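Before we start, here is the structure in question, set down as structure tokens.
The values are calculated or read from the model by the stated rules, or taken from the named source; none is laboratory data. Computed from a prediction, not measured in an experiment: that's the story for all the values here. Cβ coordinates were reconstructed from backbone atoms using ideal geometry, including for glycine residues, and neighbour counts include every protein chain displayed.
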Amino acid sequence: MQSRIPSTDPTGDGHGGQLSAEMASVVASARRRATRDGDAQIDTAHLLHALLESAPGARDAFDGGPPQIARLLGYLVQRTIGYGLRWYGSVEDSGALPVLDGGAAPGWSPAAAAAMDVAAGRAQARGAALATGVDLLAALAHDRECRAVEVLHRAGVDLDSLTKRLLDDATCQEPT
């Protein structure tokens, strides 16, 4: 069966062909998770799960170390097996980040597509050609209404502290 989740860039602005190896791995992992979960779209929780697995810099951003990462993965795995956080069959659109013109790309929740766009903008703001996992984590943490943040909150992550660390590590302004 062919995946309903496209492998193309959610922003539609050409960043899809310019993903770093790390971000290409994150997107591929998120796409596999969404397909395996039976979800029609990659959402921010899929992206967070993929970041924790594929982006060492994103994992290092958490001050709770391995126990906190284990709690996060526990919530995400519960979601994968249909227990705990129940989002199946619903579209994620937090409304906290602006939706791209014409809406999100097919196969991406509006919040996930917006997070990818913010991550690319964050990289550009610091003069980098490619976004990193830390850029994407910062974009996810900034959108306080997305599914990824709900998982972070339930796992006991101090979002204010995480956001501050991510902003302190970057030479750019807070995502808008």
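List, please: which pairs have Cβ atoms under 7 Å, are six or more places apart or on different chains, and start with a residue in region 60-86 that is in a helix (DSSP H, G or I) and surrounded by 14 or more Cβ atoms within 10 Å (Cβ to Cβ) and end with one that is of a type in the set (V, I, T) and modelled with pLDDT of 80 or more?
Q68/V157; L72/V151; Y75/V151; L76/V151
A further question follows. How many of the residues in region 37-55 are β-branched (V, I, T) and either free of Cβ contacts under 8 Å to residues at least 60 places away in the same chain or outside any helix (DSSP H, G or I) (or both)? If you could, list the steps in order and put the result at the bottom.
Going residue by residue through region 37-55, those that are β-branched (V, I, T) are 42, 44.
Retained after the next criterion (residues that are either free of Cβ contacts under 8 Å to residues at least 60 places away in the same chain or outside any helix (DSSP H, G or I) (or both)): 42.
Total meeting the criteria: 1.
I've got another one for you. Across region 120-176, which residue is modelled with the highest pLDDT among those that are hydroxyl-bearing (S, T, Y) and touching a helix residue (DSSP H, G or I) at 6+ places or on another chain (Cβ under 7 Å)?
Among those residues, the one meeting the criterion is T132.
How about region 103-152: which of its residues are of a type in the set (S, T, Y) and more than 19 Å from P56 (Cβ to Cβ)? Give the steps one after another, and end with the answer.
Step one: list which residues in region 103-152 are of a type in the set (S, T, Y), which gives 109, 132.
Passing the criteria: only S109.
Still on this structure, please answer the following. From the list L97, L51, pick out the single residue that is modelled with pLDDT of 85 or more and buried (at least 21 other Cβ atoms within 10 Å of the Cβ). Even if it seems obvious, please write down each step before you answer.
Values: L97 fails: modelled with pLDDT of 85 or more.
The conditions single out L51.
Among (1) at pLDDT 90 or above; (2) more than 12 Å from the chain's Cα centre (by Cα), where does M116 come up short?
Every listed condition holds for M116 apart from (2).
If the Cβ limit is 6 Å and pairs must be 6+ apart or interchain, which residue in region 98-124 that is farther than 17 Å from A40 by Cβ pairs with which residue that is among the small types (G, A, S) and at pLDDT below 65?
Going by the 6 Å Cβ cut-off, there are no qualifying pairs.
Here is a further query. I'm trying to understand the selection: among the residues of region 123-172, which are touching a Cys at 6+ places or on another chain (Cβ under 8 Å), in a helix (DSSP H, G or I) and either under 18 Å from E22 (Cβ atoms) or among the aromatic types (F, W, Y) (or both)?
The initial filter retains those residues of region 123-172 that are touching a Cys at 6+ places or on another chain (Cβ under 8 Å), namely 125-126, 140.
Now drop any that are not in a helix (DSSP H, G or I), which leaves 125, 140.
If the condition is that a residue be touching a Cys at 6+ places or on another chain (Cβ under 8 Å), in a helix (DSSP H, G or I) and either under 18 Å from E22 (Cβ atoms) or among the aromatic types (F, W, Y) (or both), then L140 is the only one that fits.
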